[in-house]
């Protein structure tokens, strides 16, 4: 038997093949890879039962830490509680024949926020941001904190729709309806929390993580922690750079938006916006040309804002007065 | 030299904890000739092909010349105990080996050039610059020696894993599993020729088995290949951290 | 306030204001009352029509165009009537009338409530 020689192309194919999950016997057929996270790979797969394409998030290897499998299934359960147009819906979850945990979600056509934002104007970016706030506020209303909000975890669809992804670090802070009742939920949540932090690692992404989360005090994390991360996303959208801790926020051309970012990213939770909705409210006010709660403007700034808000009307009135004056002067001559 | 490439036997390895690079390197300097010899065999098996192919691609040598240069490099390494200087805290063994190889080949080339200027003969091809500037013969990867050597090393790992997969299928009397996998993943027909990647249905027809069996055979082969590749990687890395890193690079997966 | 009412009110106010500016022209000052009443009436008609249009068509560009058109048309009808001295003041009436039409067109598109029972439509 001749020894095998593997060409470059064959090597690449084998590398992909060896890493691929085994879907034999499952309802899914692999169609390609969509992306990779820290613990899992997201594949494009075909759901043969419902005849539709799905995003299949599969843990890396059966040999991997069993806590990760629990985390993925937990993410699926959290997502199942959140039916909102801004939150990616989960279709199915379980274990593949090769022992890997998986979670089937809606296949989102689009790009990550950090990529999508490049081609957008400031106003379009702020409108996207409002949709992110809306999804997060909805999760908060259901008692769920995301805890890992960042541009990489937000997908922007081809029609401008926004989907918040990766709820693997989410924390349930309030009682939810079925399937997890009362005390059992508390126990489950405690166990999940222990599993999530078992290795002593602080979970989340440093640039977007509030101090109370990075210090590891789980009980101190509340919806204002997500507000901090949203402030980071807002800053990223306005500056095209990830936020840096403690640094003064500077945004070209708008002290009001810089103040909103600073308030959202205040080190003390008490100084932040109390909720994602409040933060969104200030951004809406900015877009409408109204004053922000986070910023006390000077008389000159107020005048400039009002002029900007009613620019066309002001110009039309000025045009009328100008024409009237000209006609009067002409008549007197 | 006794350590010829023909001594490398790509059959299934004995079970048990694999000999890591570190323990292997220690064994190279063993007083016991049998143990030292085994260690050298192991090292040659792992690195002979990557070195030879690296010389072909990076140094633009013919396969025959590359084989001679591989042989002479390893002979000099044994003679000068080059690998005794390896410190795992400073670099991967693969990187260390590649740097030794590049230095050695540069010396050989310089000596050959001197000899040529002095009228002597050499088997080295000295038209490397012409080859290097040839757009078809060069690839992007050739610009990065570390990447190139890693790729050759990885190719050797996968070739060994595939040989072991073939042997494993053969031992269990299920040669069809390997043939199917080879046909599907490498696009090779039973006669060894290259071809397009077939669909599951085409495979079922070609091998006269149900489609579900095609899926099952491929799933088994993928799982087995992954296990064997990880086993080879574990064998050829010096620490758990390096193993994790290599697994991530090779398969894009996190392992513990 | 819905758009039609808003157009009516704004048109009326601007009509009064537009009429009062005649006071600065000594030649027509004796007729100021008639001018203000006529201008107000013109403003009310322009306002209600523009507001009605804004309820049906949600487009700033079309709103401005409609306001301009109505303003010009009504101002032309007024200007076409000779004054007591027999003169016509086309420029003096049509130019400001056009701008007033634009202002009402803009305001009715940007402000005021769309009627609840009608969805906004774009002209074909």
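The values are calculated or read from the model by the stated rules, or taken from the named source; none is laboratory data. The model shown is predicted, which means the values in this text are computed figures rather than measured ones. In this analysis, Cβ positions are derived from the backbone assuming ideal geometry, glycine residues included, and neighbour counts consider all displayed protein chains.
So is residue C:62 in contact (Cβ under 8 Å) with a residue 24 or more places away in the chain, surrounded by fewer than 17 Cβ atoms within 10 Å (Cβ to Cβ), under 16 Å from the mean Cα position of the chain (by Cα) and within 16 Å of residue C:110 (Cβ to Cβ) or not?
Numbers: in contact (Cβ under 8 Å) with a residue 24 or more places away in the chain: yes; surrounded by fewer than 17 Cβ atoms within 10 Å (Cβ to Cβ): no; under 16 Å from the mean Cα position of the chain (by Cα): yes; within 16 Å of residue C:110 (Cβ to Cβ): yes.
Spelling it out, it is not the case that residue C:62 is in contact (Cβ under 8 Å) with a residue 24 or more places away in the chain, surrounded by fewer than 17 Cβ atoms within 10 Å (Cβ to Cβ), under 16 Å from the mean Cα position of the chain (by Cα) and within 16 Å of residue C:110 (Cβ to Cβ).
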Worksheet item: Which numbered condition trips up residue A:236, out of (1) within 17 Å of the chain's Cα centre (by Cα); (2) buried (at least 21 other Cβ atoms within 10 Å of the Cβ); (3) free of Cβ contacts under 8 Å to residues at least 60 places away in the same chain?
Response: (3)
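This table checks each residue for (1) facing another protein chain (nearest Cβ under 10 Å); (2) crowded, with 16+ Cβ neighbours inside 10 Å; (3) in contact with a strand residue (DSSP E or B) (Cβ under 8 Å, 6 or more places away or on another chain).
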{"residue": "A:19", "(1), (2), (3)": "yes, yes, yes"}
{"residue": "A:43", "(1), (2), (3)": "no, yes, yes"}
{"residue": "A:86", "(1), (2), (3)": "no, yes, yes"}
{"residue": "A:94", "(1), (2), (3)": "no, no, yes"}
Discussion item. What's the total number of residues in the range A:295-321 that are loosely packed, with under 14 Cβ neighbours inside 10 Å, in a helix (DSSP H, G or I) and in contact with a helix residue (DSSP H, G or I) (Cβ under 9 Å, 6 or more places away or on another chain)?
Written reply: 3
Discussion item. Restricting to the range A:129-172, name every residue that is farther than 26 Å from residue A:41 by Cβ and assigned to a loop (DSSP other than H, G, I, E, B).
Written reply: A:142, A:143, A:159, A:160
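On the basis of being farther than 22 Å from residue A:238 by Cα, touching a residue at least 12 places away in the same chain (Cβ under 8 Å) and in a loop (DSSP other than H, G, I, E, B), does residue A:78 make the cut?
Judged against the criteria, residue A:78 is not a match.
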Worksheet item: What tally of residues in the range A:218-233 results from selecting those that are in contact (Cβ under 8 Å) with a residue 24 or more places away in the chain, part of a helix (DSSP H, G or I) and over 14 Å from residue A:265 (Cβ atoms)?
Response: 3
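With the requirement that a residue be within 11 Å of chain A (Cβ to nearest Cβ), part of a helix (DSSP H, G or I) and at pLDDT below 90, what does the range C:19-37 give you?
Result: C:21, C:22, C:23, C:24.
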Worksheet, complete the sentence: When residue C:52 is run through (1) free of Cβ contacts under 8 Å to residues at least 40 places away in the same chain; (2) more than 14 Å from chain A (Cβ to nearest Cβ); (3) in a helix (DSSP H, G or I), the failure sits at (1)
Worksheet item: Applying the selection to the range B:152-183, what residues are more than 10 Å from chain A (Cβ to nearest Cβ), assigned to a helix (DSSP H, G or I) and out of contact with any helix residue (DSSP H, G or I) (no Cβ under 7 Å at 6 or more places or on another chain)?
Response: B:171, B:179
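Can you pull out every residue in the range C:42-54 that is touching a strand residue (DSSP E or B) at 6+ places or on another chain (Cβ under 9 Å) and either farther than 17 Å from residue C:1 by Cβ or surrounded by fewer than 22 Cβ atoms within 10 Å (Cβ to Cβ) (or both)? Explain how you work it out, then say what you get.
So in the range C:42-54, the residues touching a strand residue (DSSP E or B) at 6+ places or on another chain (Cβ under 9 Å) come out as C:51.
Selection gives nothing.
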Fill in: Residues being part of a helix (DSSP H, G or I) and either touching a residue at least 60 places away in the same chain (Cβ under 8 Å) or more than 7 Å from chain A (Cβ to nearest Cβ) (or both) - total across the range C:93-117
14
Worksheet entry | Candidates A:61, A:4, A:68, filtered to the one that is within 9 Å of chain B (Cβ to nearest Cβ), more than 30 Å from residue B:163 (Cα to Cα) and modelled with pLDDT under 85 | A:68
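Is there a residue being closer than 17 Å to residue A:104 by Cβ, facing chain B (nearest Cβ under 7 Å) and modelled with pLDDT under 85 anywhere in the range A:23-30?
The initial filter retains those residues of the range A:23-30 that are closer than 17 Å to residue A:104 by Cβ, namely A:23-30.
Narrowing further to those that are facing chain B (nearest Cβ under 7 Å): A:24.
Narrowing the set further to residues that are modelled with pLDDT under 85 leaves A:24.
For the range A:23-30, residues closer than 17 Å to residue A:104 by Cβ, facing chain B (nearest Cβ under 7 Å) and modelled with pLDDT under 85: present.
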Worksheet item: Somewhere in the range C:55-78, is a residue at pLDDT below 90, out of contact with any strand residue (DSSP E or B) (no Cβ under 6 Å at 6 or more places or on another chain), within 14 Å of residue C:42 (Cα to Cα) and not in a helix (DSSP H, G or I)?
Response: no
Worksheet item: Given (1) away from every other protein chain (no Cβ under 14 Å); (2) more than 30 Å from residue C:108 (Cα to Cα); (3) loosely packed, with under 14 Cβ neighbours inside 10 Å, where does residue A:243 come up short, assuming only one miss?
Response: (3)
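Restricting to the range A:96-107, count the residues that are surrounded by fewer than 18 Cβ atoms within 10 Å (Cβ to Cβ) and more than 13 Å from chain B (Cβ to nearest Cβ).
At the first step, the residues of the range A:96-107 found to be surrounded by fewer than 18 Cβ atoms within 10 Å (Cβ to Cβ) are A:97, A:99, A:106.
Remaining after also requiring more than 13 Å from chain B (Cβ to nearest Cβ): A:106.
The qualifying residues number 1.
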Worksheet item: Within the bounds of the range B:231-238, is there any residue that is facing another protein chain (nearest Cβ under 10 Å), modelled with pLDDT under 80 and at negative phi?
Response: no
